[in-house]
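The values are calculated or read from the model by the stated rules, or taken from the named source; none is laboratory data. Since we're looking at a predicted model, the values are computed, not measured. Cβ placement follows ideal geometry from the backbone for every residue including glycine, while neighbour counts extend to all protein chains displayed.
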Amino acid sequence: MEILVLGGAGQVGTELQAHSWPEGVRVHAPPRDDLDITDPAAVAAALAERHYSVVINTAAYTAVDKAESDVTAAWRLNALAPAILAEQTRARGIPLVHVSTDYVFAGTKPEGAYAPAEPVDPHSVYGASKAAGEFAVRTANPRHAILRTAWVVSPHRGNFVKTMLRLSGERDSLSVVDDQHGCPTSAADLAAALATVALRLAQDADAPVGTFHCVNAGSTTWCGFARAIVEGSARRGGRTVPVQGIPTSAYPTPARRPTNSRLSTDTLTAAYGIVPRPWEAALDDILDRLVGPATA
């Protein structure tokens, strides 16, 4: 079985390549310079090279604040590219698994988690471009699975865990937003879910299609997440510093952040049997790889 992974250099793409796939599965993750997924001819040529059983798209323009002033680039990668991928995969009968984001929602829901079927209402260029990408996938390739996720972290690339580890080593205290709620997500756990969905779609013509959410279980605030990171680092011999909670108003950004980006994974569990583990356990695995095993 041949699987094409796009966005292979990112956090999730890296974990997809490191994932323990079944024997006989070969994963191809061409570098961005080798395949421009905003070029229909390039995508068509790439898909013609091998008999791919499924395509997993993790590529995205994820610089949320920069997108507010770099609109065309964000829409090309987040909206045009998924449209091209969906069209080209449908033409060849290939299912498409696509990663999206909590930013497609307004993030103003007073309580609880967003279900996949709730109306989208993005309040940023990033969110709007990702919502458009979702619509393109839904309308162009009926054999699709869209997995929305949030707060992705890993030992790779730049992310919140690595930033907090660096800052806690440089500063005597940290101030982190404490009124935005969401679900931290391990890139490795997300990759495992994507692999499960992709293999099922490749092997079962009746596999569930549609939009699902995939995040680790439980929720917290950015401040609560930061405290867990610092405390986890301290158990591994790292430096302990106080983490102070601040309101969003004290940390203005070009793009509006969701106040509530909790996502419900119930439909993913019902459709594919995937039961996400708690984010705290996933964080421990990441800290083990970045800092070392806990000593206390």
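Any idea which of 29, 46 is surrounded by fewer than 24 Cβ atoms within 10 Å (Cβ to Cβ), free of Cβ contacts under 8 Å to residues at least 40 places away in the same chain and either closer than 16 Å to residue 137 by Cβ or small (Gly, Ala, Ser) (or both)?
29
Residue-wise test of (1) in contact with a His (Cβ under 7 Å, 6 or more places away or on another chain); (2) under 21 Å from residue 152 (Cα atoms).
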| position | (1), (2) |
| --- | --- |
| 74 | no, yes |
| 93 | no, no |
| 110 | no, no |
| 114 | no, yes |
| 128 | no, yes |
| 138 | yes, no |
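Being farther than 26 Å from residue 186 by Cα and β-branched (Val, Ile, Thr) is true for just one of 37, 84, 56. Which residue is that?
When all the criteria are applied, what remains is 84.
Where in the stretch 1-61 are there strands (runs of 3 or more DSSP E), lying wholly inside it, with at least 2 residues that are under 18 Å from residue 147 (Cα atoms) and under 20 Å from the mean Cα position of the chain (by Cα)?
Per the criteria, 2-6, 52-57.
Filter the stretch 137-178 down to the residues that are in a helix (DSSP H, G or I) and farther than 30 Å from residue 90 by Cβ and list them by number.
160, 161, 162, 163, 164, 165, 166, 167, 168, 169, 170
Filter the stretch 87-110 down to the residues that are of a type in the set (Gly, Ala, Ser), buried (at least 24 other Cβ atoms within 10 Å of the Cβ) and over 19 Å from the mean Cα position of the chain (by Cα) and list them by number.
Correct list: empty.
Restricting to helices (runs of 4 or more DSSP H) lying wholly in the stretch 182-296: which have 3 or more residues that are aliphatic (A, V, I, L, M), buried (at least 20 other Cβ atoms within 10 Å of the Cβ) and at pLDDT 95 or above?
Counting at least 3 such residues, we get 187-203, 222-234, 279-290.
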